[in-house]
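Below is one structure, written out as structure tokens; comments come after it.
Read-outs: derived from the displayed coordinates by stated rules, not from any lab. These numbers come from a predicted model, not from an experiment. Backbone-built Cβ (ideal geometry, glycine too); neighbour counts: all protein chains shown.
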Amino acid sequence: MEQNKSRIILPIGGMSCASCAARIERSLKKLNGISDASVNFGTEKVSVEYIPSLVDLKAIKKTIIDTGYSVIEVEEKNLLDLDRERREKELTELKNVLFESVSLSIFIMIGSMQMFIPYLSFVPHSTMNSILFVLTTFVQFKCGWRFYEGSWAVLKYMGADMNVLVALGTTAAYLYSAFVTFFPSVIPGAESEVYYDTAAVIITLILLGRYLEQRAKGRTTEAIKKLMGLRARSAKVIRNGEEIEIPAEDLIVGDIVVVRPGEKIPVDGEIIEGNGAVDESMLTGESMPVEKKAGDEVIGATINRDGFLKFRATRIGKDTVLSQIIKAVESAQGSKAPIQRLADKVAGIFVPAVIGIAVVTFFIWYLAGLPFTMAMLAFVGVLIIACPCALGLATPTAIIVGTGKGAENGILIKGGESLETAHKINTIIFDKTGTLTQGKPSVTDIITNGKIERDEFLKLAASAESGSEHPVGLSIVAEAKERGLKLEDINNFEVFPGNGIKAKIGNRVILLGNQKLMGEKGIQLNGFKGKADELSGHAKTPMFVAINDEITGIIAVADTLKKDSVEAVRELQGMGLEVIMITGDNRRTAEAIAKEIGIQRVLSEVLPQDKAEEVKRLQREGKVVAMVGDGINDAPSLAQADVGIAIGAGTDIAIESSDITLIRNDIRGVAAAILLSKQTMKTIKQNLFWAFFYNVLGIPLAAGILYPFYGILLKPIYAAAAMAFSSVSVVTNSLRLRTMGLGKI
């Protein structure tokens with residue numbers, strides 16, 4: 001029998017890179033009773049699934065602390081505010097440090113070029129080196145202190161990452177330069193060979209990359225805050241036979257709640273009296289209001305468009321559907337595994353290897369009889385040529401250029417992780433409403449009995465609906481206005497909640513509604529029933545129109561396809577991707593829409609809270625999934641997907657929960673985003689190749705492989721030049737992304 005499991009999400013402090021997340025995961029998974037642990041470096045949280053009977057929360061926290069990190073203790077209600085404040089503070093601190101580093105590095109660069117700047121020739125060279133030493137010391141140990149902190153956190157647990165590479169390379173350049181500055185006579189002719197600019201510029205460039213990455217991290221707290229903002233603030237309840245207004249959080253299960261037209265439903269419940277049309281698009285994404293009657297369920301945060309509702313509260317607080325969606329967003333985002341940088345993966349081997357080679361180089365030459373200074377020169381040369389400048393720039397420069405290219409084309413990418421994952425996508429899930437379709441009903445068909453002109457027929461129907469707030473009525477009015485028809489005044493307007501409306505225009509009585517309304521009013525359909533069934537089969541909603549108790553025709557409305565949907569789907573399928581449509585619609589309607597677009601696989605009748613589970617199911621099949629959506633109901637699935645893509649015209653919550661946003665509301669941008677990802681990743685791999693190529697070629701040269709044959713020992717200044725050349729090649733290669741085409745967007 002499987003034991004009961006619990007899940008806890010804890011905010012973590014002290015992480016400096018993705019490898020920190022991996023170490024925390026490994027430590028937690030060693031605990032007996034931990035079935036799963038997933039650290040999200042982007043949100044700086046760990047999601048732990050555990051068996052309470054085997055391990056408790058105290059042991060989990062202790063393990064995290066023993067690994068070298070901290071668990072941020074805060075009340076749950078203040079957690080989101082704390083996250084935001086902490087991120088804003090960190091970003092501000094990083095921005096200030098970057099400004100200091102850039103400012104000082106400019107002066108250091110100018111001072112390092114003294115021989116090329118006549119105006120600086122009056123300053124003695126030794127004095128200039130001393131000035132550079134003071135400036136670089138500030139950059140090295142004030143601006144670059146975070147690299148030392150990160151290195152220590154890694155090294156004390158026998159690890160290695162980019163922090164170690166940065167600290168090692170810059171410290172080598174700094175210490176060697178300081179040695180030359182204060183002991184110039186020890187190495188003849190070395191007084192001009194200082195590398196303060198190398199140390200300062202490396203730190204500045206890496207800080208720039210970290211600042212841009214930090215700024216682009218997922219804004220999950222904003223998404224959840226906006227979801228919480230949908231909750232009703234107050235509720236009208238009947239207590240002691242009187243209707244009173246109370247704060248929504250004071251509701252209890254069993255309360256009788258009253259909701260009038262235009263009001264927000266405060267909590268989940270069951271209707272006991274009344275009927276009406278409820279707009280559930282805020283949660284379901286479906287544009288058509290849902291007709292509700294006694295016995296039906298209502299969902300908190302939805303809006304009663306027309307009709308009077310009285311319901312019994314059945315779920316409050318954390319148990320409501322909205323709260324479950326909030327929890328699903330947080331859980332999906334917290335469970336995302338951190339994406340390891342390729343450079344970080346090899347750092348564990350590369351760094352110890354470089355140190356080992358440098359140490360071995362020193363002892364070989366020293367024991368072979370070379371002076372200590374020459375052996376030391378070879379040691380420093382190895383460290384400098386292995387300096388991770390190109391390695392550190394390989395990923396950030398490509399990502400910066402790639403994301404900039406995307407922004408120019410209406411594709412907003414939140415960070416490097418999104419780009420790194422998007423190129424692996426093999427399955428695309430499209431939400432139907434508002435993504436593939438317009439997201440609101442519009443008139444598609446006007447059918448009359450031939451006794452009245454179409455424009456006159458539409459004008460009368462639109463005039464009758466001009467007193468309605470129902471989306472179907474609004475779409476009929478919009479169609480008439482678009483055709484330039486002048487609406488007539490009405491009187492005796494009457495609403496039949498869930499069925500239709502009745503209005504008098506002059507001496508004509510207009511009845512507009514569904515088949516049920518026509519039947520209740522004794523209107524014979526006279527052959528229009530077959531036409532209505534045919535329209536329904538094409539995912540359209542037929543509305544019958546009777547004038548003076550005689551059926552006159554049908555106006556059909558539907559949520560129509562966006563003009564670019566078919567082209568976008570065809571392009572993705574041409575890239576070899578599987579395209580799936582997901583919707584809350586019934587299977588018949590869903591398949592009709594899918595057939596029109598050209599999609600073979602449809603997931604229909606999927607509840608909002610189940611969409612993320614459908615994404616998980618596809619991921620368990622080994623698929624790399626992208627979810628494309630625009631509604632609040634899409635937020636959990638956008639977060640759960642390997643890459644979430646939000647349509648810019650959609651809700652803020654969907655955009656906040658996504659990895660990529662298409663601000664032009666053109667879904668052809670999905671293919672463009674994937675193409676951009678593929679090209680960016682290709683560039684990153686090329687950059688890493690060149691970065692390592694220079695190291696593989698340069699380290700043996702710096703170690704003195706040519707010395708026995710030609711008497712030449714590669715001086716650190718040449719090692720620095722090689723390192724700089726590798727950086728230039730990496731940046732130049734990244735800039736090529738600016739010229740790539742992204743298709744029809």
Segment 434-484: radius of gyration and largest Cα-Cα distance (Dmax), Å: 11.9, 39
If the cut-off is a Cα-Cα distance under 17 Å, which lysines reach residue 486, setting aside same-chain residues fewer than 8 apart in sequence? 459, 504
Can you pull the three principal axis extents for the Cα set of segment 413-524, in Å, largest first? 68, 32, 27
Stick to Cα atoms and the Kirkwood definition of Rh, then tell me Rg/Rh for segment 579-645. 0.95
Please list the non-local residues whose amide H lies under 5 Å from the amide H of residue 234, H modeled 1.01 Å from N, same-chain partners needing a gap of 5 or more. 248
Descending packing, highest mean Cβ count within 10 Å first, for 311-323, 58-70, 244-256 is 311-323, 58-70, 244-256
Lysine pairs, Cα distance under 22 Å, 8 or more residues apart or cross-chain: how many in segment 510-618? 14
Rg and Dmax [Cα atoms of segment 479-535; Å; Rg one decimal, Dmax integer]: 13.4, 34
Given axes a ≥ b ≥ c from the Cα gyration tensor, I'd like to know whether segment 520-601 is rounded (a/c under 1.5), prolate (a/b larger than b/c) or oblate. prolate
What FRET efficiency comes out for residue 110 versus residue 183 if R0 is 35 angstrom and r is the Cβ-Cβ distance? Round to the nearest 0.05. 0.90
